[in-house]
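The values are calculated or read from the model by the stated rules, or taken from the named source; none is laboratory data. This is a predicted model, so every value here is computed, not measured. Positions of Cβ are backbone-derived with ideal geometry, glycine not excepted, and every protein chain shown enters the neighbour counts. Ligands, DNA and RNA are stripped out before the accessible areas are found, and what is left, the full protein with its side chains, is counted by its heavy atoms. Shrake-Rupley method; radii C 1.70, N 1.55, O 1.52, S 1.80 Å.
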Amino acid sequence: MTQGLGHRLDAAAASLPRHIAIIMDGNGRWAKKRYMPRTLGHREGAEAVRRTVTACAELGVPYLTLFAFSSENWKRPADEVDDLMWLLRSYLQREVNELNRQRVRIGFIGERDRLAPDLITLIENAELQTRNNDGLVFTIALNYGGQNDIVSAARRLAEEVAAGSLRPDQITPESFAAHLMTLGLPDPDLIIRTSGEQRLSNFMLWQSAYSELVFIDTLWPDFSRESLEQAIDLFNRRERRFGATGES
Ligand code: IPE
Ligand code: IPE
Ligand code: MG
């Protein structure tokens, strides 16, 4: 299969990250630069989501996670929260069949209790419809917060200990991780954040222990396949040590 023209990624030399996670940021600033309402920035951001999922599927990236809405994003004006939820609904209504055709497996992480019932139904249907697919594992972090993820895992472990089904010394990094919402996903190898901000904003706090972080100035609506390939190039130039010396 051809890689297309003009892409920077040297497919032969590159080792693809197994799991890419993206903090999609800068929709508001993209709109502001154009004297447009923030919601148009989010709409354009949804196009960037389409491009990115397709690019990852075509490149053969096994796992992609996109941070769509944080547990703190409820602090935004109600209109903007509504817009974001509507965009997600329309994204799911329009894209799931096509993603299914591309053998993408869709999953969600984050607390569902605060979401509208019809959105929960769309989410459950998307997961159900695509659960046997063997292509890209595409996870959407929605109402996700890394601290909540860790606290709920700790609470469930505490309940198991209180019920007598678990001994405290059986709590290990592995058993802890098995109680996180990301169960079944490898830790992200590469976390990309767009828009120039250099923080995690409560994303994957446990799982990012050894992730390579790539911060790029591009605003999310402008994120393209080329931006993705540039980030993968940067990833490939990093030396991952995992605490060792780096000499083999
Ligand atoms: C990212 O863009 C979308 C979400 C966080 C939901 P922002 O809306 O945060 O855009 P900026 O940071 O205001 O530019
Ligand atoms: C992080 O972006 C959340 C998502 C990308 C969904 P924010 O724009 O909400 O983060 P802060 O507020 O700048 O840290
Ligand atoms: Mg932002």
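Rounded to the nearest 10 square angstrom, PHE108 shows an accessible area of 20 square angstrom against a 1.4 Å probe. Starting from the 7 Å offset along Cα-to-Cβ, what nm value, one decimal, do you get for the label separation of TYR35 and ALA78? With each label placed 7 Å out from Cα toward Cβ, I get 3.1 nm. The apolar share of the surface of the stretch 170-248, taken as the fraction of accessible area on carbon and sulfur atoms (1.4 Å probe, ligands and nucleic acids excluded), comes to 49 percent.
Between GLU127 and GLU197, the contour length at 0.36 nm per residue exceeds the Cα-Cα span by 22.1 nm. Assuming R0 = 30 Å, can you tell me the calculated FRET efficiency for the pair ARG114 and THR245, based on Cβ-Cβ distance, to the nearest 0.05? Efficiency at R0 = 30 Å is approximately 0.05.
Here's the picture: a label point sits 7 Å out from the Cα of SER175 along the beta-carbon direction, and within the stretch 141-162 the residues with their amide nitrogen under 12 Å of it are 157-162. Of the residues TRP206, TRP86, the one with the largest accessible area comes first in the ranking TRP86, TRP206, computed with a 1.4 Å probe on protein heavy atoms. Using heavy atoms of the protein chains and a probe of 1.4 Å, the accessible area assigned to LYS32 is about 150 Å².
For the set THR52, THR218, solvent exposure ranked by accessible area (probe 1.4 Å, protein chains only) runs largest to smallest as THR218, THR52. Residues in the stretch 206-222 carry Karplus couplings, in order, of 6, 6, 8, 3, 10, 6, 7, 9, 10, 9, 10, 6, 3, 7, 3, x, 8 Hz; the curve used is 6.51 cos²θ - 1.76 cosθ + 1.60 with θ = phi - 60°, and Gly or Pro positions show x.
Each Lys and Arg Cβ is given +1 and each Asp and Glu Cβ -1; about its Cα centre, the stretch 155-248 then shows a dipole of about 260 debye.
Of the residues PHE108, VAL61, ASN132, the one whose Cα sits farthest toward the positive end of the charge dipole of the stretch 32-134, with +1 on the Cβ of Lys and Arg and -1 on the Cβ of Asp and Glu, is VAL61. Summing Cβ point charges (Lys, Arg +1; Asp, Glu -1) relative to the Cα centre of the chain gives a dipole of roughly 380 debye. Between TYR210 and ARG50, the distance separating the two model label sites (each 7 Å from Cα on the Cα→Cβ line) works out to 3.8 nm. Could you point to the residue in ALA21, ALA244, THR182 farthest towards the positive end of the chain's charge dipole, with +1 and -1 charges on the Cβ of Lys/Arg and Asp/Glu respectively? Most positive-ward Cα: ALA21. Per-atom-type breakdown for the stretch 18-63 gives carbon and sulfur 53% of the accessible area (1.4 Å probe, protein chains only).
Accessible surface ranking for SER15, SER90, 1.4 angstrom probe, highest first: SER15, SER90.
Under the simplified labelling scheme, the ARG167-ASN236 pair shows an inter-label distance of 4.9 nm, with each label point 7 Å from Cα along Cα→Cβ.
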